[in-house]
Amino acid sequence: MPQSHPARDVVLARSISRAIVALSVFALFIGCHDNDAVPAIDSVGSAGTDEAAGSSGVAGSGDTADSAGSSRSPGSAGASETASSSGSGGAAGREVAGSAGSAGVAGAGGTGPLSNCTAGGALFVVGNYADSADNQLLLRTAPKAATFALVPPGVASPVHPPQLFLVNRVCAPGGALIASDGTANYRLDFIQSGSQLAVCSSAAVATLDAALALPPANLSLSASTGCSGQPFTVYTAGAL
Amino acid sequence: MFSPPAHLLLATLLVLAFSSRASAVDGYSTQPPYSLTLPASDLSYGTAADVFDGSITIRVDGFPLRGRFLAAVGRTIYLQKNFGADLWLPVATLGPDDTMDPCFIKISPNGKEIALGVGFYKPLIVFETALLSVSAPPNLRSAPGVKIWDENTYDGAWRGNRYLFINAGADAGSQLYAIDTEGTTGAPIPIMPDIPGASGGLAFDGAGNLVTGVGFGYGTTATGQLKIWPASLVDAALAGTALSYPESGKVLIEGASSAASLGFDSSGNLFVGGGDVFGNSHQYGYAGLVSADAVQRVLSGGAIADPMAPADYVKLQPDPCHNDDATNVWYAPSLGMLVVTANLTSTPPDCARFDMTRSGPSGQQFFSPSAPDTDSDGIPDGADNAYLTPNPDQKDADGDGWGDAADCDADNDGVINRSDLSSLMAAFGSVTGEANFAGGYDFNHDAQIDLADFALFKQRWGKNAVCE
């Protein structure tokens, strides 16, 4: 299970935040579950912005999860694009989804379950990344499997082993993944900007379907609270 | 280590020639030879060694002891890194003023205790195997729990896991005594005070019968005489009724090497090593095997073993020069593995008159037909650098002792860490035969790399890279 960490680099975070706002392509990511279940992220933006994003997400284009699911085609990337343009997002949407399961957050706003995902496939980004506390994130695409690993900082120690996740779904157009560590499933939303990668992970869910049904992180305006009310974790690319 | 040099192949042919006439060693010649080189030191005249039985489950910093050699030379005790590997990990040391010359190292039957004869008129040290460490080799002079007896030693043998028997003495006479290792520094128990000659080796068979002999003979006693005593007399000696060499026991054979380095295999065959270059007895340059049939015949009152009768006695000669001053024999029962080491400093056609020790003794590993081959790749476990993963080629590209087929230490730094994780990820999802399959990460040996393997990888994280 990915672990959050307290390290924060405000300057870096703000630059990431601006990059995120500029890159509407990442508006796919809206909402995210418990941050402490995932690689954390340096905070981005202000709380006020997040609140606004949250409210916009709720107000966006509510629909039931069921209807959202039924209305989407496997290739409904357009829904995400729509979501991006609408600036929808939100913690509020996520919370609704989490509590009701039929959260009316998806629809055209794209905040509902992932549908434009393919089994396995190559990661959109590979390499070695490290956060400000030197927690390392390794992303690899092997011929038959994509994986990512979280490695604690410092010399390898038996008391702090790494975590490895097998990517079960890669979702277009960008950085959403459904991954499993063999016992639980997670949704991860990624934001890449240059050499930096912001990550938000959901809490553990029991099944792949449940993970697919999770709402995305909120990327609309800020990543400071877009990950279930918590900041994304920002990693910087390092040497392979 | 696979890939025997030419002279070892020649030696094997010699062994085959002998064994074809003797049922007792036929089994050991049915498989290819595998070579082994023990560690050496300029501080020591020779290298002592013993091998953990194949049933031992103890590990040292993750490294399994099962079937691996322990070697003592200079000031250091080494553990063989892996089956078939000539790589030796320091696991204990002596003090800066100590040297082992010559010495013995003997592992108790249950693998939990180790006896070290530091050398001629040097102390006897007994310590728990658990003290050994790859990451922080202890100094046996100062480590807690180490028992030291200030007794002379030449060779030793465990009788059970409690009593250690020692043969020690000087030219004209030697003695056999026992140490109760469960005591602290209790006085030695006299077993046989009157051996007419320099110390030889000693060994017990599975029933507790004792064999010892004359390492270097004077007067009427010849070098290489071996005698056998029934277990009941040994029990009596432990209870206080010492044995007399001349007046008890039965002569088993005469002129068997120099009667040093004795041991029994699980069939009851007696192996004899030694080397008497000083005495000009011509008992050097080979090891011998006294068949189990001959041993039992003598024990029951029959004729002594005939060195010229192949059914009674055969020679194992790992060195085609036959000029070694010390040819030693070890046996790991559960692995069906017999190892004969010799000094191969000179080789044909430039054989020296004698090859003295100091260089790392090289040896051959012989395996019985019943020797386990867990991965069925034709390489017996005791010589297989990946005994759980079929790899008949035994390739080890980085020379780290782990066969490529089971090498989990990608960066060869001795620790399971991030670079190894990266390699595992590169192989993730692959199955045997695919280009990116890396057998070293198939920890559960199910021919695929998946999360189950990562679960086992995680258990090794930050620990010594022990690849099985």
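The values are calculated or read from the model by the stated rules, or taken from the named source; none is laboratory data. Computed from a prediction, not measured in an experiment: that's the story for all the values here. FYI the Cβ positions are ideal-geometry reconstructions off the backbone, even for glycines, and counts take in every protein chain you see.
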Log entry, pairs with first residue in the stretch A:133-162 being without any contact (Cβ under 8 Å) to a residue 12 or more places away in the chain and facing chain B (nearest Cβ under 7 Å), second being surrounded by fewer than 21 Cβ atoms within 10 Å (Cβ to Cβ) and outside any loop (DSSP other than H, G, I, E, B), beta carbons closer than 6 Å, six or more apart or on different chains, reads A:142/B:426; A:161/B:458
Restricting attention to the stretch B:391-436, the residues that are more than 33 Å from the chain's Cα centre (by Cα) and either of a type in the set (Ser, Thr, Tyr) or more than 10 Å from chain A (Cβ to nearest Cβ) (or both) number exactly 6
When you scan the stretch A:202-227, how many residues do you find that are modelled with pLDDT of 85 or more and in a loop (DSSP other than H, G, I, E, B)?
-> 7
Return the pairs, sorted by first residue and then second, in which the second residue is of a type in the set (A, V, I, L, M) and at pLDDT below 95, the first residue lies in the stretch B:155-166 and is within 14 Å of residue B:127 (Cα to Cα), the beta carbons are less than 6 Å apart, and the residues are 6+ apart or on different chains.
-> B:164/B:179
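Tell me which residues, restricted to the stretch B:110-131, are among the charged types (D, E, K, R) and in contact (Cβ under 8 Å) with a residue 60 or more places away in the chain.
In the first step, residues of the stretch B:110-131 are kept if they are among the charged types (D, E, K, R); the result is B:112-113, B:122, B:128.
B:113 - this is the single residue of the stretch B:110-131 that is among the charged types (D, E, K, R) and in contact (Cβ under 8 Å) with a residue 60 or more places away in the chain.
So for the stretch B:323-335 (the condition being in a strand (DSSP E or B), at pLDDT below 80 and assigned by TED's automatic domain parsing to the domain that holds residue B:52), does at least one residue qualify?
Initially, the stretch B:323-335 is screened for residues in a strand (DSSP E or B), giving B:324, B:327-332.
With at pLDDT below 80 added as a condition, the list becomes B:324.
If we keep only those that are assigned by TED's automatic domain parsing to the domain that holds residue B:52 as well, we get B:324.
So far as the stretch B:323-335 goes, yes, one or more of its residues are in a strand (DSSP E or B), at pLDDT below 80 and assigned by TED's automatic domain parsing to the domain that holds residue B:52.
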Pairs returned, first residue in the stretch A:186-201 that is outside any strand (DSSP E or B), second residue that is surrounded by fewer than 24 Cβ atoms within 10 Å (Cβ to Cβ), beta-carbon separation under 8 angstrom, 6 or more apart or interchain, are A:194/A:19; A:195/A:236; A:195/A:237
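State yes or no: is residue B:372 within 30 Å of residue B:288 (Cβ to Cβ), buried (at least 20 other Cβ atoms within 10 Å of the Cβ) and away from chain A (no Cβ under 14 Å)?
Values: within 30 Å of residue B:288 (Cβ to Cβ): yes; buried (at least 20 other Cβ atoms within 10 Å of the Cβ): no; away from chain A (no Cβ under 14 Å): yes.
Answer is no for this residue.
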Search result, residues across the stretch B:437-447 that are away from every other protein chain (no Cβ under 14 Å) and small (Gly, Ala, Ser) = B:439, B:440
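Could you list, in sequence order, the residues of the stretch B:263-290 that are out of contact with any strand residue (DSSP E or B) (no Cβ under 7 Å at 6 or more places or on another chain) and at pLDDT 90 or above?
Here is the first cut: in the stretch B:263-290, the ones out of contact with any strand residue (DSSP E or B) (no Cβ under 7 Å at 6 or more places or on another chain) are B:266-268, B:277-278, B:280-282.
Scanning the stretch B:263-290 gives a single hit, B:268.
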Of (1) farther than 22 Å from residue B:117 by Cβ; (2) within 21 Å of the chain's Cα centre (by Cα); (3) modelled with pLDDT of 85 or more, residue B:205 satisfies all except one. Which?
-> (1)
Please specify each residue of the stretch B:403-429 satisfying the condition of being surrounded by fewer than 24 Cβ atoms within 10 Å (Cβ to Cβ) and part of a helix (DSSP H, G or I).
-> B:404, B:418, B:419, B:422, B:423, B:426
Identify all residues within the stretch B:449-468 that are at the interface with chain A (Cβ under 10 Å from one of its Cβ atoms) and among the polar types (S, T, N, Q); write none if there are none.
-> B:459
Please work out if residue B:175 is more than 25 Å from residue B:223 (Cβ to Cβ), buried (at least 16 other Cβ atoms within 10 Å of the Cβ) and among the polar types (S, T, N, Q).
-> no
Determine which member of the set A:189, A:134 is among the charged types (D, E, K, R) and either buried (at least 24 other Cβ atoms within 10 Å of the Cβ) or more than 18 Å from residue A:238 (Cβ to Cβ) (or both).
-> A:189
Restricting attention to the stretch B:439-455, report how many residues are surrounded by fewer than 22 Cβ atoms within 10 Å (Cβ to Cβ), closer than 16 Å to residue B:387 by Cα and touching a residue at least 12 places away in the same chain (Cβ under 8 Å).
-> 3
Residue in the stretch B:342-354 that is under 13 Å from the mean Cα position of the chain (by Cα) and closer than 18 Å to residue B:40 by Cβ present = yes
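Is it true that some residue in the stretch B:387-401 is hydroxyl-bearing (Ser, Thr, Tyr) and more than 21 Å from residue A:150 (Cα to Cα)? Before you say what the answer is, go through the steps one by one.
First, pick out the residues of the stretch B:387-401 that are hydroxyl-bearing (Ser, Thr, Tyr): B:387, B:389.
From what is left, the residues that are more than 21 Å from residue A:150 (Cα to Cα) are B:387, B:389.
Checked the stretch B:387-401: at least one residue is hydroxyl-bearing (Ser, Thr, Tyr) and more than 21 Å from residue A:150 (Cα to Cα).
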Specify the residue that is nearest to residue A:154 (Cα to Cα); the eligible residues are those in the stretch B:428-467 that are in contact with a Lys or Arg (Cβ under 8 Å, 6 or more places away or on another chain) and among the small types (Gly, Ala, Ser).
-> B:429
